[in-house]
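Let me begin by presenting the structure, written as structure tokens, before commenting on it.
Quick note: the coordinates plus some simple rules give every number you see, no bench work behind them. Not measured: the values here are computed from a predicted model. Cβ atoms come from the backbone with ideal geometry, glycine included; neighbour counts cover every protein chain shown.
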Amino acid sequence: MNTNNYYSEEVHGAYHTFDLGDFVLEQGGTIRGCKLAYTTLGELNAAKDNVILVPTWYSGSHQIIEQVYIGKGRALDPEKYFIVIINQLGNGLSSSPHEASFPQQGTNFPEIQISDDVRAQYQLLTEEFSIDQLALVVGGSMGAQQTYEWAIRYPDMVKRAAPIAGTAKVTPHNFLFTQLMIDSITSDPAWNKGWYTHSTDVHLGLSRLAKLFAMMGWSHQFFKQERWLALGFSSMADFITGFMVGYFGLMDPNNLLAMAKKWQRGDVSHGRDGDLSEVLAQIKAKIYVLAIEGDLMFPPSDCEAEHNCIPGSEYRVIRTTDGHFALFGTDSNYLDQVDKYLKELLST
């Protein structure tokens, strides 16, 4: 176990934990004493049909989703809906490499899949709350990967789904990006094959990862228009250090690697009959596929290609200068569009 104060309620806000026991993974292995960290907002109605599920993205937690996307009058309104935000496995709050007990800690942590997250989330919702229907599943980036898996794995439970800035299957370009994420960390000698003493020992690798995300996470226009000035930074160098390195630099490298490898293997057609288009055609939920303008990680064309495989799907491109990281809520115009489209979807 590698203690890291970053993964605490003081940093991420209060949350509940759900004990899954010894959770057997789809591709082999077992997470011993597996737990999910989650939070809820709003009240579950008597019919239990007002539930919205929001899974987290890479490196994110329930806190940023609550702060950016949820509020009175918003699409995700806790006065109308029972909103459940579940931290994905490996993110540091749910079961993760850094906090696992011997002998599963660090690089001995079992390899996890997107499907494992969804099966664990299903267990939480059905056992803890006796929920058997979801008004909406919505998630961004890796949360979108989980959203697609939910729509396919539990078609009779998911009424609506909105994957934002993510795909059901990783493209070759995205696979290469995730490999560079992995290499950024593992090429730091201080990573020591995963057996470092403190997360910050691997600061060179974490800094490389932060710079890679700076290049791919923000759009060309973000840099051309010097958008960092509006975010309170005096220069691009100040932004890279203060925002990007400041964000990733406190995280645990093995946690980041576990999520990156999960992201890299994302493919809803894996282990199912048919190719991707045939699997997507089986979705029953009403789907809004939401892409982000200028997204270099999950380009709109990739999102649109999957939308075209889903019966009755709606496709929207969210206009913003910020690219993929508009997910962080840096552009109020982006948030207005997300609310508009999610309200449209929830009205169907």
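For K224 paired with H198, estimate the spin-label separation in nm (one decimal), with each label point 7 Å from Cα along the Cα-to-Cβ line.
A separation of 4.3 nm, rounded to one decimal place.
Could you please tell me the mean projected area of the C-alpha convex hull for the stretch 256-299, averaged over all directions and given in square nanometres to one decimal?
4.6
Where q = 0.19, 0.20, 0.23, 0.24 Å⁻¹, what log10 of I(q)/I(0) comes from the Debye formula for the stretch 89-194, counting one point per Cα?
-1.09, -1.14, -1.28, -1.32
If the chain between H173 and L250 were fully stretched, how many nm would it gain, using 0.36 nm times the residue separation less the Cα-Cα distance?
Taking H173 through L250 to full extension adds about 25.0 nm, to one decimal.
Assuming 0.692 mPa s and 37 °C, estimate D for the stretch 161-266 with Stokes-Einstein, Rh taken as the Kirkwood radius over Cα pairs, in µm²/s.
Details: Rh = 14.9 Å.
Estimated via Stokes-Einstein, D reaches 220 µm²/s.
Taking 7 Å along the Cα-to-C-beta vector as the label spot, tell me the S187-H270 distance in nanometres, rounded to one decimal.
2.4
So if the hydrodynamic radius of the stretch 79-125 is defined as the Kirkwood radius over C-alpha pairs, what does Stokes-Einstein give as its diffusion coefficient at 4 °C and 1.567 mPa s, in µm² per second? It would help to have the intermediate numbers written out before the result.
Details: Rh = 12.0 Å.
Estimated via Stokes-Einstein, D reaches 108 µm²/s.
Could you tell me what fraction of 2.2 N^0.38 Å the Cα radius of gyration of the chain comes to, as a two-decimal ratio?
This ratio for the chain stands at 0.93.
Express the Stokes-Einstein translational diffusion coefficient of the stretch 25-160 in µm² s⁻¹, to the nearest whole number, given a Kirkwood radius over alpha-carbon pairs, 20 °C and a viscosity of 1.002 mPa s.
So the translational diffusion coefficient is about 140 µm²/s.
For the cross-link pairs K72/K284; K262/K340; K35/K262; K80/K340, which exceed 25 Å when the distance is taken from alpha carbon to alpha carbon?
Details: K72/K284 29 Å; K262/K340 31 Å; K35/K262 18 Å; K80/K340 16 Å.
Flagged as over cut-off: K72/K284; K262/K340.
Just how far, in whole angstrom, is the stretch 169-200 from the stretch 89-149 if you go by their alpha carbon centroids?
21
Return the calculated 222 nm mean residue ellipticity for the chain, to the nearest 500 deg cm²/dmol, obtained by summing -39500 (n - 2.57) across DSSP H runs with n ≥ 4 and dividing by the residue count.
Dividing the helical sum by the residues of the chain leaves -10000 deg cm²/dmol.
Could you grab the relative contact order for the stretch 135-221? Cα pairs under 8 Å, six or more apart, rounded to a whole percent.
21
Please report D188, D275, D339 as a ranked list, fewest other C-beta atoms within 10 angstrom at the top and most at the bottom. Spell out each step's value before the answer.
On the way: D188 20, D275 11, D339 17.
Result, fewest neighbours first: D275, D339, D188.
Note the full-extension length gain between E314 and S332 as 0.36 nm times their separation in residues minus their Cα-Cα distance, in nm to one decimal. Numbers along the way, then the final one.
Values: separation 18, 0.36 × 18 = 6.48 nm, distance 2.27 nm.
Length gained between E314 and S332: 4.2 nm.
With the Cα gyration tensor of the stretch 1-74 giving a ≥ b ≥ c as the square roots of its eigenvalues, does the rule (a/c under 1.5 for rounded; else a/b larger than b/c for prolate; else oblate) give rounded, prolate or oblate?
Cα axes put the stretch 1-74 in the oblate bin.
What is the chain's relative contact order, in percent, from Cα pairs under 8 angstrom and six or more apart in sequence?
Relative contact order comes out at 18 percent.
Any chance you could get the radius of gyration and Dmax over the Cα atoms of the stretch 265-348, in Å?
14.0, 42
At a Förster radius of 22 Å, what calculated FRET efficiency corresponds to the Cβ-Cβ distance of K343 and E43, to the nearest 0.05?
Here the calculated transfer efficiency is 0.65.
Output the Cα-based Rg and Dmax of the stretch 53-101 in Å, rounding Rg to one decimal and Dmax to a whole number.
Here Rg and the maximum Cα pair distance are 12.7, 43 Å.
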